[in-house]
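Note sheet for the following structure.
The values are calculated or read from the model by the stated rules, or taken from the named source; none is laboratory data. Here the structure is a predicted model, which is why all the values come from computation and not from measurement. Here Cβ is always computed from backbone atoms with ideal geometry, including for glycine, and neighbour counts include all displayed protein chains. For the accessible areas, the whole protein counts, side chains as well, though only heavy atoms, and no ligand, DNA or RNA atoms are used. Shrake-Rupley method; radii C 1.70, N 1.55, O 1.52, S 1.80 Å.
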Amino acid sequence: MIAMTGPSRLPDNQRVVITGVGLTAPNGNSLPELRNSLLQGRSGVREYEIRYFGKTLAGICEFDALRYQARKEIRRGTRAGSVGIYSANEAVKDAGVDWPNIDKSRVGVYVGVTEHGNVETENEIHELKNYNYDTSFWSHHHNPRTVANNPAGEVALNMGITGPHYTIGAACAAGNAGLIQGSQMLRLNECDMAICGGVSESIHTFGIFASFHSQGALAEHAEPWRASRPFDLHRNGIVVAEGGCVFVAERLDDAKRRGARIYGELVGYAMNTDATDFVLPNPERQAECMELALKRAGLVAEQIDIVSTHATGTASGDSQECNALRRVFGGCQRTFFNNTKSFIGHSMGAAGALELAGNFGAFEDGVCHPTINVDELDPECALDGLVLNQPREIGKATYILNNSFGMLGINSVAIIKRY
């Protein structure tokens, strides 16, 4: 990993900025739509039913997949691929890139995922029973659908990108990991433009619901939009969501040369591993990850304006992250904390990227969106600066720190500076 010495001391050809955002979330199919939903308290969680498991709750996206794909391509490909294709095309459009004339061998695609292939495999086995499990009827599309590089590969195929592409398996840290990988490749001059972020098709597999349910970690609530409630004393688990968020990232000198609008600059990042447990988090390692990102950015904790928390709504996960946050930000009077999963559920591989993007608006309007659905704050989650239920005007916002942590103890942190 390239050492970071603080943004002000790096030359423009080593500074990485975000110039485009494309996304689909359960409560919006563009960054303006997502931001408005976060400020207006609009949830994207609703009732959902999936075979074998039955009725549950989920964050469901409703984007126009046919905007960038033909029906035949959708049938041949994957839901994760469609989410990625929609988000990537929207990001390039948002960035104002002269796409027909760009050198596509100098574009890289780096897409983070939590898991991939479960949806397609479940569907194909379900269909195979119609043929008495005769595998001669097995779909010849199975292999390209389920190879690990699929979501990034579908984006590259759709957009005619001939530079490097790969999918990054980083559990629920994957959205940040995609952005971090894209940044590193830009600094290494392996590409001139990185299409990077995270996607999730998770609600289309019954297995994820059944697994969280057997773990006692699947949220339930009579009112679906209130089910995802990180930090609330009576929270009872995760709401599974699908989604995608893809960034166009460029070196600052290239972005300036083409007069691009800049959302923000990636000034610090870190990834580490708990090495503790399959699912239980380690607050000490989480704190170390935040501290390393701050060090690489040349910042101290007091300079962070907004911390976008990972908190998923599980009893142990939220309180453990709060322990880590107190270690790093205890005593910081001007640091505010919020959570996006309370609006959309946990979009797994897309979560980090969606949650980061949803906070970009604070650079312009000086408002920190809240965590909603907190009726009674868990004392173990009480943080000074925690923004609950209503947006809060915080004045000028310069730095956003984004936490994303995942199973097998993978942690990721990204810090974005107002440009």
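Annotation note: Cβ proximity below 7 Å between a residue of the range 265-280 that is aliphatic (A, V, I, L, M) and a residue that is open to solvent by 70 Å² or more (accessible area, probe 1.4 Å) (sequence gap 6+ or interchain) occurs for VAL279/MET407. If the condition is being among the aromatic types (Phe, Trp, Tyr) and surrounded by fewer than 13 Cβ atoms within 10 Å (Cβ to Cβ), then the range 122-161 contributes TYR131, TYR133, PHE137. Of a type outside the set (Lys, Arg), on the phi > 0 side of the Ramachandran plot, open to solvent by 20 Å² or more (accessible area, probe 1.4 Å) and modelled with pLDDT under 95: is that true of GLY298 in this structure? Here the answer is no, as GLY298 does not meet what is asked. Among (1) buried (at least 24 other Cβ atoms within 10 Å of the Cβ); (2) touching a Cys at 6+ places or on another chain (Cβ under 9 Å); (3) of a type outside the set (Lys, Arg), there is one condition ALA174 misses while meeting the rest; what is its number? Condition not satisfied by ALA174: (2).
Residues in the range 211-230: is at least one out of contact with any Phe, Trp or Tyr (no Cβ under 8 Å at 6 or more places or on another chain) and under 19 Å from ASN359 (Cβ atoms)? Yes, that holds for at least one residue.
Taking the range 235-313 as the region of interest, the strands (runs of 3 or more DSSP E) fully inside it that hold 2 or more residues being under 19 Å from VAL113 (Cα atoms) and aliphatic (A, V, I, L, M) are 243-251, 264-273. Looking across the range 191-229, the residues that are among the aliphatic types (A, V, I, L, M), part of a helix (DSSP H, G or I) and either within 21 Å of the chain's Cα centre (by Cα) or under 30 Å from ILE18 (Cα atoms) (or both) come down to ILE203, ILE208. Among the numbered conditions (1) free of Cβ contacts under 8 Å to residues at least 24 places away in the same chain; (2) part of a helix (DSSP H, G or I), the only one that SER37 does not meet is (1). Flag set for ARG42, criterion: farther than 30 Å from ASN189 by Cβ, in contact with a helix residue (DSSP H, G or I) (Cβ under 8 Å, 6 or more places away or on another chain) and either open to solvent by 10 Å² or more (accessible area, probe 1.4 Å) or part of a helix (DSSP H, G or I) (or both).
Among the residues of the range 66-78, are any closer than 30 Å to GLY237 by Cβ, open to solvent by less than 80 Å² (accessible area, probe 1.4 Å) and in contact (Cβ under 8 Å) with a residue 40 or more places away in the chain? Within the range 66-78 (the criterion being closer than 30 Å to GLY237 by Cβ, open to solvent by less than 80 Å² (accessible area, probe 1.4 Å) and in contact (Cβ under 8 Å) with a residue 40 or more places away in the chain), the answer is yes, since at least one residue qualifies. The criterion of being at pLDDT 95 or above, of a type in the set (Gly, Ala, Ser) and touching an Asp or Glu at 6+ places or on another chain (Cβ under 7 Å) does not hold for SER342.
Flag set for GLU90, criterion: of a type in the set (Asp, Glu), buried (at least 24 other Cβ atoms within 10 Å of the Cβ) and either in contact (Cβ under 8 Å) with a residue 60 or more places away in the chain or within 30 Å of GLY237 (Cα to Cα) (or both). Residues in the range 177-190 that are open to solvent by less than 10 Å² (accessible area, probe 1.4 Å) and touching a Phe, Trp or Tyr at 6+ places or on another chain (Cβ under 9 Å): ALA177, GLY178, LEU179, ILE180, GLY182, SER183. The combined condition, being touching a strand residue (DSSP E or B) at 6+ places or on another chain (Cβ under 6 Å) and either open to solvent by 20 Å² or more (accessible area, probe 1.4 Å) or modelled with pLDDT under 95 (or both), is not fulfilled by TYR269. Scanning the range 191-214 for residues that are aromatic (Phe, Trp, Tyr) and either open to solvent by 10 Å² or more (accessible area, probe 1.4 Å) or in contact with a helix residue (DSSP H, G or I) (Cβ under 6 Å, 6 or more places away or on another chain) (or both) turns up PHE206, PHE212. What is the residue count in the range 318-330 for residues that are open to solvent by 20 Å² or more (accessible area, probe 1.4 Å), farther than 30 Å from ARG15 by Cβ and either in contact with a Phe, Trp or Tyr (Cβ under 8 Å, 6 or more places away or on another chain) or in a helix (DSSP H, G or I) (or both)? Selection size over the range 318-330: 3.
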